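Derivation of every value follows stated rules applied to the coordinates shown; laboratory data play no part. This structure is a prediction, so every number in the text was calculated from the model and none was measured. Glycine also receives a Cβ, built like all others from the backbone with ideal geometry; neighbour counts cover every protein chain displayed.
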Amino acid sequence: MAKVNQFTPADHTVVTSAVSLAEKSTDGEIVTIVTGESDSYSDVAWAISGLVALTALLVISLFPEIYLHFIDWLAGGWSGISALPYWALFVFTALKFFGTRLILIWKPLLFLLVPPSIKKARVRRRAVALFRVSTDHRTVGRTGILLYLSMREHRAEIVADEAIAAKVEPAIWGNAMIAMIDLVRAGKPGEGMAEAVRQMGIVLSEHFPKTDQNPNELPDRLIEL
């Protein structure tokens, strides 16, 4: 994955400190993960390239004279072609297809073209996958919760273990998400995650107050992928 996180050592410190502080008042275990991007979207790039190639083929069929003039120009006016041959159709279409795919190697353009719904689904899928690896069923009381931030997509997800999910509606985390995204947009990603952790800690302390029997089972440090 691309390294577009731009998280400094100071950001790591402030997030880790926020997790440690939040967990002092709750049995909930907060895991924080940040990544540059949640998917390569190569399949989307190929799909866009195919769409461009098919559109080009349609244009060729509707306006063949444009391409006939081009071939004639390449031949110095001596092509003698009055109708586009199959090889020309193949070459023009292939050029559009592979040319578009080559252009979409530039990630900023590709991410601009990826539909928001696909970005949302891919970020959620990656967050759930990371939750299963790092957090799911790794605490005695099933009180683990993941805060996941994907920088290039400008999206975040909160995924909670079963005990938390049973008591806290997903909408409750809305304020934490908004606070984080606002600060990330302002160029303060570390402070954004720390603020989200603080607000998550408040919610968790209401439903899962700290007890003496609950050890620190998951790492407090910010994980950067």
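Relative to the longest principal Cα axis of the chain, at what angle does helix 42-62 sit, 0 to 90 degrees, rounded to 10? With both axes taken from Cα atoms, the answer is about 30 degrees. Taking all Cα pairs closer than 8 Å and separated by 6 or more residues, the relative contact order of segment 164-207 comes to 35 percent. Per-peptide packing, taken as the mean over residues of other Cβ atoms within 10 Å, places 207-214, 53-60 in the sequence 53-60, 207-214 from highest down.
Taking every DSSP beta bridge with both residues inside the chain, roughly what % is antiparallel (nearest 5)? Antiparallel: roughly 45 percent of the beta bridges in the chain. Counting only aspartates and glutamates at least 8 places from Lys120 when in the same chain, those with an alpha carbon closer than 19 Å to its own are Glu37, Asp39, Asp43, Glu153, Glu157, Asp182. Per residue, the chain reaches -18000 deg cm²/dmol at 222 nm when only DSSP H runs of four or more residues are counted, each adding -39500 (n - 2.57). Farthest towards the positive end of the charge dipole of the chain, among the residues Ala22, Thr32, Phe97, is the Cα of Phe97, using unit charges on the Cβ of Lys, Arg, Asp and Glu. A quarter of the convex hull surface defined by the alpha-carbon atoms of the chain gives 15.9 nm² as the mean projection. Ranking Gly144, Val128, Ala176 by how far each Cα lies toward the positive end of the dipole of segment 116-184 (charges on Cβ) leaves Val128 at the top.
Relative to the longest principal axis of the Cα atoms of the chain, the long axis of helix 189-207 makes an angle of roughly 50 degrees. Taking a sphere under 9 Å around the Cβ of Thr135 and counting the other residues whose Cβ falls inside, with K and R at +1 and D and E at -1, yields a net charge of -1. Among Ser205, Ser42, Ser117, the largest mean-square fluctuation in a Gaussian network model of the chain (Cα springs under 10 Å) belongs to Ser117. Only the Cβ atoms of Lys and Arg (+1) and of Asp and Glu (-1) were treated as charged; on that basis the dipole of the chain about its Cα centre amounts to roughly 400 debye.
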